[in-house]
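Structure record follows, encoded as structure tokens.
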Amino acid sequence: MCYNNYVKIISSAFEGASPSLVLKTIFGYDEFRPLQKDIITNVLKGRDTLAVMPTGGGKSLCYQLPALIMPGITVVVSPLISLMQDQVASLKTAGIQSAFLNSTQSWEEYCDAVNNIKSGEIKIVYVSPEGLATNRIRELLSSPELKIACITIDEAHCVSQWGHDFRPDYLEIKAIRNLFPKAVMLALTATATEHVRQDICQNLGMKKPAVFISSFNRENIYLEVQPKRKAMETVVNCIKKHAGESGIIYCNSRKQVEEIAQTLDKKGYSILPYHAGLSDEIRAKNQDLFIKDEVQIIVATIAFGMGINKPNVRYVINYDLPKSIEEYYQEIGRAGRDGLPSSALLLYSPGDIHKIRWFFQESSSPEKDELLLQGMIKYATSRVCRRKTLLAYFGEAYDEKSLQNCCCDICSSGDVPLQDVTIPALKLLSCIIRTNQRFGAGYVTDVLLGSNNSRIVDNGHTEISTWGIGKEYNKSEWMELCDLLVDEGLIMKTGDYNVLEITPKGKRFLAERTELKLPLRPDEYKTRAKTSGSTPKNSGLTNLRGEKISAEKPAVDDAVADAIIKNLKAWRKRKADDLNIAPYMIFGDKTLLDLAAKKPKTRGDLLNVYGIGRAKAEEFGRAILQIIEES
């Protein structure tokens, strides 16, 4: 496909134009998302800006749109080669000429890119922080025929040692900024606490920056935490609920990645692994197959995802506990970037905490690591609204009115009535004492249930008075009661292995035997929470705050719309394969829904569809209109 003639027009024609005109004409959107217009206005005024926006919140537009309006070049510092290539391919489908400079290019490709940059063809140039520090790229950007209008730092949290993905190379960016003092600087990130935000501004040398913080609330993502028992069965159930959809499974080790990938592959799922132990070629190939919808599921370590702009990931499963809330938020943020309903499932086991702490031994700042881990543990073990706990970490309040619309496992299970757990609690505390306060919740629970496993037999715990006295609850309910008693302050978990110990308050309870009522959830509540979490497909185009989103969705009983969507997806895949790009770079799923709902008849009508600008209407309009007419 050739965009060159059209690109030459838009590369100069929109300098000085209004942001709203560019938004509609080039990007095909009628309205800005929250904060986008304010951020863009600040950049166009030449004021340094820090924008903290959630994944899928539209950060890229905040530099792409001003780049077309401002005379000169926008330099984007991006941490991953895959992200650069992804962004450049997406921009070209919108008719915007851009380029990247990185180590994957041959000398001939590099020279062609440099010539295009110097000739004025290019508006946006992507470089890595390492590349930006080289004399070759510094000399290019300092060429007299070039004007550097904006320096954009993507994934700006990488500049902070308090960020979850600190990269020393980012600290060199400040020196580059000094070479271009008149250029405006824009820093973008999806996760940044107050401490990280201060680091970003200081370490990048930003000049009195305006700071914009969007809501961290991703309302379209269903948040769920389940105990890590029968973990593979839980994972398979989640995949079945999202049959035929894209998903990511995160693990903390290469070994775990390989084991899960092999297990699911044997079960017939379309799945590939991704971790640092694979060669660069295999990692790149597996990622490419996933992005292009050739493979449905990727099992990966945290090395995967920062450069992924795939909008139709419908679920993220954290098989292991992340090391921090920031890391967790980044990972679940890869789901539902298009705003459509998606889910985030975290499997929690206290055993993961010990594994994470083992790595702290080699850390340069174990105290900081432990502080970040405690935030993650608090979220995973919370018995109040997940969303409220998550947002509170980033300093954002979540009011009671919003709680009524929350989409998490805690809130969707409804109010849990208090139950009299006096006798079970006394049994549990007595069993902890009888086993000499040397074991974790799983072991104590097995004793209460009368297990004959070898460890219990060898320890002589089949002979104690509390062995087998807990048949009124199943194991999950005993574990739940254990967590409740920790929250209540009657017992505590200590050491690397979360050994249960009785607190002074717990000893008083044992002595006085006062009535104890707690919100223990029977299995029926857990089942209701799991089922109520599945949001209806094709919903969510209007968010829970009632803010208008331009895209429409077809009626549930619109058979013609269903046929249009099916045929458009098939055409999109064929076209993407021809162009060697990902299907979403042509159109996202939200655009397909809007096309099916509005059923445009002319190319002019296409310009009123979400996500279709002039370039895409011209390039793909005939094929789209024919599909709609024939469906």
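The values are calculated or read from the model by the stated rules, or taken from the named source; none is laboratory data. All values derive from a computational prediction rather than experimental measurement. Virtual Cβ from ideal backbone geometry, glycine too; neighbours counted across all protein chains shown. Please note that ligands, DNA and RNA were not included when accessible areas were found on the heavy atoms of the full protein model with its side chains. Shrake-Rupley method; radii C 1.70, N 1.55, O 1.52, S 1.80 Å.
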Inter-residue pairs, beta-carbon under 8 Å, first at positive phi and in region 608-631, second surrounded by 22 or more Cβ atoms within 10 Å (Cβ to Cβ) and in a helix (DSSP H, G or I), 6+ apart = Gly611/Lys590; Gly611/Thr591; Gly611/Asp594
Cys411 versus (1) open to solvent by 50 Å² or more (accessible area, probe 1.4 Å); (2) of a type outside the set (S, T, N, Q); (3) at pLDDT below 85; (4) part of a helix (DSSP H, G or I): which is the lone unmet condition?
-> (1)
Among the residues of region 194-233 satisfying the criterion of being at pLDDT 90 or above and aromatic (Phe, Trp, Tyr), which is nearest to Asn318 (Cα to Cα)?
-> Tyr222
Restricted to region 1-49 and to residues being farther than 20 Å from Val76 by Cα, outside any helix (DSSP H, G or I) and among the small types (Gly, Ala, Ser), the residue modelled with the lowest pLDDT is Gly16
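For region 555-566, give me each residue that is out of contact with any Leu (no Cβ under 7 Å at 6 or more places or on another chain) and either surrounded by 18 or more Cβ atoms within 10 Å (Cβ to Cβ) or among the hydrophobic types (A, V, I, L, M, F, W, C) (or both).
Restricting attention to region 555-566, the residues satisfying the condition of being out of contact with any Leu (no Cβ under 7 Å at 6 or more places or on another chain) are 555-563, 566.
Result: Ala555, Val556, Ala559, Val560, Ala561, Ala563.
Among the residues of region 207-259, which ones are under 24 Å from Val295 (Cα atoms) and in a loop (DSSP other than H, G, I, E, B)? Break it down stepwise before answering.
Pass one, region 207-259, residues under 24 Å from Val295 (Cα atoms): 220-222, 231-259.
Passing the criteria: Asn220, His242, Ala243, Gly244, Glu245, Cys251, Asn252, Ser253.
I'd like to know if region 109-122 contains one or more residues that are over 27 Å from the mean Cα position of the chain (by Cα), part of a helix (DSSP H, G or I) and of a type in the set (Asp, Glu). Before you say what the answer is, go through the steps one by one.
Taking region 109-122 and keeping what is over 27 Å from the mean Cα position of the chain (by Cα), we get 109-122.
Still in the list and also part of a helix (DSSP H, G or I): 109-119.
If we keep only those that are of a type in the set (Asp, Glu) as well, we get 109, 112.
Yes.
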Which of the residues spanning region 575-598 are more than 27 Å from the chain's Cα centre (by Cα) and either not hydrophobic (A, V, I, L, M, F, W, C) or not in a helix (DSSP H, G or I) (or both)?
-> Lys575, Asp578, Lys598
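Give the residues of region 142-159 that are over 13 Å from Cys62 (Cβ atoms) and either under 30 Å from the mean Cα position of the chain (by Cα) or of a type in the set (A, V, I, L, M, F, W, C) (or both), sorted by residue number. Give the derivation first.
Let us first name the residues in region 142-159 that are over 13 Å from Cys62 (Cβ atoms), namely 142-149, 151, 155, 157-159.
Hits for region 142-159 are Leu146, Ile148, Ala149, Ile151, Glu155, His157, Cys158, Val159.
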May I ask you to verify whether Ile433 is touching a residue at least 40 places away in the same chain (Cβ under 8 Å), open to solvent by 40 Å² or more (accessible area, probe 1.4 Å) and part of a helix (DSSP H, G or I)?
-> yes
Of the residues that sit in region 380-390 and are in a helix (DSSP H, G or I) and in contact (Cβ under 8 Å) with a residue 12 or more places away in the chain, which one is surrounded by the fewest Cβ atoms within 10 Å (Cβ to Cβ)?
-> Thr381
Failed item in (1) closer than 26 Å to Phe32 by Cβ; (2) within 26 Å of the chain's Cα centre (by Cα); (3) touching a residue at least 40 places away in the same chain (Cβ under 8 Å), with Ser82 passing the rest = (1)
Quick one: Cys201 ticks every box in (1) open to solvent by less than 50 Å² (accessible area, probe 1.4 Å); (2) assigned to a strand (DSSP E or B) except a single one, so which number is it?
-> (2)
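Which one is surrounded by the most Cβ atoms within 10 Å (Cβ to Cβ) among residues in region 29-39 that are in contact (Cβ under 8 Å) with a residue 40 or more places away in the chain and within 25 Å of the chain's Cα centre (by Cα)?
Among residues in region 29-39 that are in contact (Cβ under 8 Å) with a residue 40 or more places away in the chain and within 25 Å of the chain's Cα centre (by Cα), the one surrounded by the most Cβ atoms within 10 Å (Cβ to Cβ) is Ile39.
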The condition from (1) under 23 Å from Val299 (Cα atoms); (2) in contact with an Asp or Glu (Cβ under 9 Å, 6 or more places away or on another chain) that Thr234 misses is numbered (2)
Where in region 442-515 are there helices (runs of 4 or more DSSP H), lying wholly inside it, with at least 2 residues that are over 26 Å from Lys355 (Cβ atoms) and free of Cβ contacts under 8 Å to residues at least 12 places away in the same chain?
-> 504-512
Those residues of region 599-623 which are of a type in the set (A, V, I, L, M, F, W, C), open to solvent by less than 30 Å² (accessible area, probe 1.4 Å) and in a loop (DSSP other than H, G, I, E, B), in sequence order | Val609, Ile612
The condition from (1) touching a strand residue (DSSP E or B) at 6+ places or on another chain (Cβ under 7 Å); (2) touching a residue at least 40 places away in the same chain (Cβ under 8 Å); (3) closer than 28 Å to Val211 by Cα that Gly131 misses is numbered (2)
Out of the residues in region 489-507 that are surrounded by 17 or more Cβ atoms within 10 Å (Cβ to Cβ) and not small (Gly, Ala, Ser), which is farthest from Gln226 (Cα to Cα)?
-> Ile502
Please indicate, with yes or no, whether at least one residue in region 260-267 is touching a His at 6+ places or on another chain (Cβ under 6 Å) and open to solvent by less than 10 Å² (accessible area, probe 1.4 Å).
-> no
